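Report on one structure; see the data block that follows.
Read-outs throughout are calculated quantities, based only on the coordinates presented, and are distinct from any laboratory measurement. Bear in mind the structure is a predicted one, so any value in this text is a computation, not a measurement. Positions of Cβ are generated from backbone atoms using ideal geometry, with glycine treated the same way; all protein chains shown enter the neighbour counts.
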């Protein structure tokens with residue numbers, strides 16, 4: 001492969017079964033916020049995209065899901081083509097029209113209220129934010145409470161932007177509207193639905 | 001002629017993705033009914049098409065599936081749905097609550113406690129708990145948006161005024177995570193307490209009404225009641241005639257035309273498990289009265 | 001000793017075997033072929049295609065045979081098959097103005113360009129059972145005229161030239177036509193989704209609702225502007241080659257009702273429309289549909305909402321016979337768990353009533 005030609009990376013080797021197993025990981029993650037779920041590196045993906053993000057995209061996106069890409073993903077030459085070929089998701093430029101948003105770099109994450117937050121009648125019509133993060137196994141510890149958690153659980157992770165969890169506190173006042181977040185690195189994913197309340201350990 | 005060919009677990013991948021996205025939103029907003037583009041299934045509406053679509057969207061080759069109707073694995077509709085998935089997804093099936101990873105149910109929650117990692121899929125005929133008070137979707141949706149549930153309390157209180165009790169014995173409304181009033185499907189209210197703080201994930205599918213909703217694990221589920229008329233769990237006076245269980249929901253079996261009847265566990269797996277462990281009930285027990293205890 | 005009922009699987013298999021036997025009936029009677037159903041029970045096939053939402057005569061005939069002539073069951077079979085078919089896209093809108101007409105009548109004008117064409121119709125047949133049909137025999141060959149190339153403009157287009165009837169809305173490229181089989185429905189629904197719902201709706205339900213508007217439950221003063229039945233071309237715009245390619249032709253019935261006028265301070269009064277369209281020859285269905293379509297426009301046209309046929313949620317939630325039959329018939333599934341719950345509660349209430357009133361309640365025989 002030369003610098004001039006970008007070869008299209010493959011997607012899941014077994015579309016049906018990989019999508020099923022990835023979905024179960026995402027579902028379990030959403031049902032148990034803060035719980036780190038493993039992701040299989042199911043097949044090819046653009047070099048700038050971590051395995052967790054790629055697997056979620058292949059599992060949940062299609063022509064019915066308007067997709068917003070942050071500037072870092074939008075700039076990457078192969079990401080748009082790969083997503084278009086494997087999912088067919090229409091890319092939108094307005095975050096408030098997005099069913100899903102893929103975010104590669106913290107500095108290009110806009111204000112969370114610029115995404116779709118749902119309406120009081122249809123709170124489900126909200127963006128699911130999929131954020132690529134440095135590590136879901138080491139880093140500062142956070143406490144999580146809410147549905148899906150037996151009392152309190154903790155998550156040690158390195159997350160950019162560092163104030164993401166503070167920014168997610170908007171969910172408390174917005175509920176039942178709100179934004180649901182899936183964090184992914186190269187091996188795993190963690191979900192933070194809008195019902196989860198977060199605080200730094202020791203606070 | 002177009003000879004039909006079908007995908008793993010029957011549904012096409014696009015439909016599965018659509019249902020999967022709805023399931024994720026349902027989990028993120030506990031008790032809220034997510035609209036989804038329910039498909040026509042090869043079994044009639046009202047016979048579990050919502051539960052079947054949810055199960056088909058989550059099921060994988062490593063799952064072990066249990067299907068019950070009225071608590072039993074051997075009712076015809078349970079058999080029919082179990083066979084459908086054994087055929088279209090090739091999954092292992094079981095009658096054991098303990099061994100199952102996915103349990104599809106109609107009208108009951110198993111007696112054996114559920115555990116983390118299990119998924120209980122309910123078949124739901126009318127997902128809207130306010131539907132019997134207000135037939136219009138536009139109205140009930142507004143009530144949920146404003147958390148305006150006064151109408152439901154008025155209805156329950158009118159029952160008390162007329163009968164001295166809340167006259168709802170199944171599909172008894174609950175409040176989930178202190179926000180949404182939710183229909184638990186037509187399970188007897190005996191099963192309501194099992195939904196509260198349950199370690200398993202509970203998913204609800206209503207095919208004809210095109211709604212999916214969920215209760216995540218460890219989520220507060222409170223049966224609606226009043227301080228002076230607290231929720232009581234229906235309880236039988238006598239134990240199961242087959243296994244002697246005193247803590248299970250019982251079916252009434254009419255044994256002759258002279259008024260003789262006996263009571264046996266509705267959850268057949270639970271009953272058989274207890275019998276296998278040596279528990280015995282008074283078979284052909286004398287008829288007895290049942291009543292309610294707090 | 002009591003033993004819980006078992007053997008459901010065997011029972012189901014045997015029931016289905018018996019069903020297949022009953023479907024076949026007396027084996028000394030020749031078996032129906034799909035061609036016989038398609039050719040000789042053509043209107044049943046048309047209805048199954050319309051309400052089954054799938055234009056395939058052979059599959060509809062198969063469904064009718066498999067369903068033993070139960071058309072709602074046949075519609076269900078077709079729908080369940082349709083739900084599994086992949087989507088390649090949407091065709092270009094068909095042009096019913098270009099229809100190769102076999103039948104065309106208007107009740108609003110005595111004569112119209114292209115003329116009134118009675119075509120194959122039960123109208124004006126005397127409903128006398130025909131014993132001759134009990135025996136096999138070929139009917140007289142039809143009287144045929146040479147095909148006319150004369151244009152046959154739609155009556156509503158003729159009225160439209162003078163501005164006497166409201167314009168049909170133009171397609172808006174920014175607002176794609178909805179599909180209630182692919183997206184969950186929410187209210188209020190657009191006319192596109194209402195018409196789709198009515199096209200799939202049960203003929204009997206629409207007939208009763210349409211009839212109710214005539215009897216004053218949401219009266220909208222209809223005239224059958226035109227009913228036409230014939231074949232239209234279907235074209236598909238292929239992006240790769242950049243133009244529309246013909247896919248074949250469809251038999252359609254279209255009914256355009258001309259209704260009570262509307263008008264305002266800024267607009268002169270004009271007639272309004274109600275629209276009905278169905279696969280095959282389905283006049284009762286399309287006429288009923290057009291009446292109900294017009295009734296459902298009451299809000300848009302500023303009319304009082306007083307009747308069932310004008311109530312969008314009521315009509316759209318109950319028109320689908322596959323949904324309706326499933327839910328009505330599900331009552332035969334076991335409900336003994338919830339019934340037991342009710343029974344227990346009722347016994348308790350009766351006991352309390354007896355205690356409070358000191359009247360002996362009729363004791364149950366066993367007690």
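Summarising the overall dimensions of the range C:31-87 from its C-alpha atoms, the Rg and Dmax are 10.2, 35 angstrom.
A straight line joining the Cα centroids of the range B:75-136 and the range B:139-166 runs 28 Å.
Across chain A, C-alpha contacts under 8 Å between residues 6 or more apart give a mean separation that, scaled by the residue count, equals a relative contact order of 23 percent. Taking the longest Cα principal axis of chain A as reference, the axis of helix A:15-31 is set at about 20 degrees.
By other beta-carbon atoms within 10 Å, ranking A:87, A:108 with the fewest at the front produces A:108, A:87.
When all alpha carbon pairs of the range C:119-236 are counted in 10 Å bins from zero, the resulting P(r) reads 8, 21, 34, 24, 11, 2 %. Using the Cβ-Cβ distance between residue A:114 and residue C:175 with R0 set to 30 Å, the FRET efficiency works out to roughly 0.75.
Taking the beta-carbon count within 10 Å as an exposure proxy, list B:175, B:235 from fewest neighbours to most. Before the final figure, lay out each step's value.
Working: B:175 19, B:235 16.
The most exposed by this proxy come first: B:235, B:175.
Averaged over peptide B:163-172, the number of partner chain Cβ atoms lying within 10 Å of each residue's Cβ comes to 4.
When each of B:102, B:52, C:101 is scored by the number of other beta-carbon atoms lying within 10 Å, the sequence from fewest to most is C:101, B:102, B:52. The angle between the Cα long axis of helix A:51-60 and the longest principal axis of the Cα atoms of chain A comes to about 90 degrees, rounded to the nearest 10.
Taking the C-alpha atoms only, the angle from helix C:191-200 to the longest principal axis of chain C is near 70 degrees. Highest mobility in the GNM of chain C, judged by mean-square fluctuation with C-alpha springs under 10 Å and restricted to C:162, C:95, C:170, is found for C:170.
Once you average over the residues of B:135-146, how many Cβ atoms of partner chains fall within 10 Å of each Cβ? Walk me through the numbers on the way to the answer.
Working: counts 3, 5, 5, 6, 1, 0, 5, 2, 0, 4, 7, 2.
Across B:135-146, the average partner-chain Cβ count within 10 Å equals 3.
A straight line joining the Cα centroids of the range C:277-355 and the range B:175-239 runs 26 Å.
Among rounded, prolate and oblate, which fits the range A:69-144 when a ≥ b ≥ c are the square roots of the eigenvalues of its C-alpha gyration tensor, a/c under 1.5 means rounded, and a/b larger than b/c means prolate? Write down the numbers at each step before the final one.
Numbers: a/c = 1.90, a/b = 1.05, b/c = 1.81.
Since a/c reaches 1.5 but b/c is at least a/b, the shape of the range A:69-144 is classed as oblate.
Across every direction, the projection of the convex hull enclosing the Cα atoms of the range C:59-126 has a mean area of 8.2 nm². When the alpha carbon gyration tensor of the range A:15-191 is reduced to an equivalent ellipsoid, its three semi-axes come out at 23, 20, 16 angstrom, largest first.
How high is the relative contact order of the range C:31-87, in percent, with contacts defined as C-alpha pairs under 8 Å that are six or more residues apart?
Numbers: 61 pairs, mean separation 18.9, N = 57.
Dividing the mean separation by the residue count of the range C:31-87 yields 33 percent.
Per-residue shielding of C:50-57, expressed as the average number of other chain Cβ atoms within 10 Å of the residue Cβ, stands at 1. The Stokes-Einstein estimate for the range B:99-219, based on a Kirkwood radius over Cα pairs and taken at 10 °C with 1.306 mPa s viscosity, is a diffusion coefficient of 105 µm²/s.
Where does chain A land at 222 nm, in deg cm²/dmol rounded to the nearest 500, when only DSSP H runs of n ≥ 4 count, each adding -39500 (n - 2.57), divided by all residues?
After summing the helix terms and dividing by the residues of chain A, the value is -7000 deg cm²/dmol.
Comparing B:118, B:275, B:53 in a Gaussian network model of chain B, where Cα atoms under 10 Å apart are tied by springs, the biggest mean-square fluctuation is seen for B:275. Between residue C:313 and residue B:153, the FRET efficiency estimated from the beta carbon spacing at R0 = 30 angstrom works out to 0.75. For the protein assembly as shown, the gyration tensor built on C-alpha atoms gives an oblate shape. Its axis ratio a/c (a ≥ b ≥ c) is at least 1.5, and a/b is not larger than b/c. Build a GNM of chain B with springs between Cα atoms under 10 Å: which of B:120, B:11, B:133 gets the top mean-square fluctuation? Among B:120, B:11, B:133, the largest GNM mean-square fluctuation belongs to B:133. Between residue C:111 and residue C:217, what FRET efficiency follows from the Cβ-Cβ distance if R0 is 45 Å, with the result rounded to 0.05? Efficiency, rounded to the nearest 0.05: 0.85.
Mind running the shape call on chain B? Use the C-alpha gyration tensor, a ≥ b ≥ c as the square roots of the eigenvalues: rounded below 1.5 for a/c, prolate if a/b tops b/c, oblate otherwise. Each step should come with its number before you reach the end.
Working: a/c = 1.86, a/b = 1.11, b/c = 1.67.
Taking the square roots of the gyration eigenvalues as a ≥ b ≥ c, chain B is oblate.
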